[in-house]
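Any read-out appearing in this document is the output of simple, stated calculations on the displayed coordinates, not a laboratory observation. Being a predicted model, the structure only gives us computed values, none of them experimental. Don't worry about glycine lacking a Cβ; one is built from the backbone with ideal geometry, like all the others, and counts go over all protein chains shown.
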Amino acid sequence: MPENGTSPKVNLSEMAWMEGSWKGEAFGGITQEIWGPPLGGSMLFSFKLVVDDSVRFYELGHIRQIDETLIYELKHFDENLKAREEKDEVEQFKFVKKEAERMFFDGFTFEKVADNEINIFALIENEDGTENEVQFNFIRN
């Protein structure tokens, strides 16, 4: 995050390349991520992890325009759509910076590799409180 704590100016249209249906592999299974186009000041997404032909979890969220910057927000759900977060809680990640084909949020980086390939890098907290970065590589369906 910038030293002054304020997210830089950016427009949601700069994330439009995320639109589409994407497939990859992670955590010993198949990942699917679907992003809608910018509409109404946000881009809606869904994520699914399938291991051994069973859903392990889902995520639902969006990147939305707030004034002149962006915020990435999501919730996790188990295979029965029971939320991991409390009813009124949402995980939030502020926009940090843009570099060429990368958009950085606090804890996530979205990278356009090619028109049909993206990477999402996520900082994931381990049970012992430490963090490690996980790379999700997706190919357009």
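Quick notes on this structure:
- As a length-normalised measure over Cα pairs under 8 Å and 6 or more apart, the relative contact order of the chain settles at 20 percent.
- Convex hull of the chain built on C-alpha atoms - directionally averaged projected area, nm²: 9.4 nm²
- Of all lysines in the structure, those lying under 24 Å Cα to Cα from residue 48, and not within fewer than 8 positions of it along the same chain, are 23, 75, 82, 87, 94, 112.
- Compared with the direct C-alpha span, the chain from residue 9 to residue 135 gains 42.8 nm at full extension, assuming 0.36 nm per residue.
- Scoring 126-135, 48-57 by mean Cβ neighbours within 10 Å over their residues and listing the highest first yields 48-57, 126-135.
- Protection proxy ranking, peptides 41-47, 6-12, 88-94, average beta carbon neighbours within 10 Å, highest first: 41-47, 6-12, 88-94
- Unit charges at the beta carbon, dipole of the chain: most positive-side option, 107, 24, 70: 70
- Candidate aspartates and glutamates - alpha carbon under 19 Å from residue 97, same-chain residues fewer than 8 apart omitted: 3, 14, 67, 68, 73, 106, 111, 133
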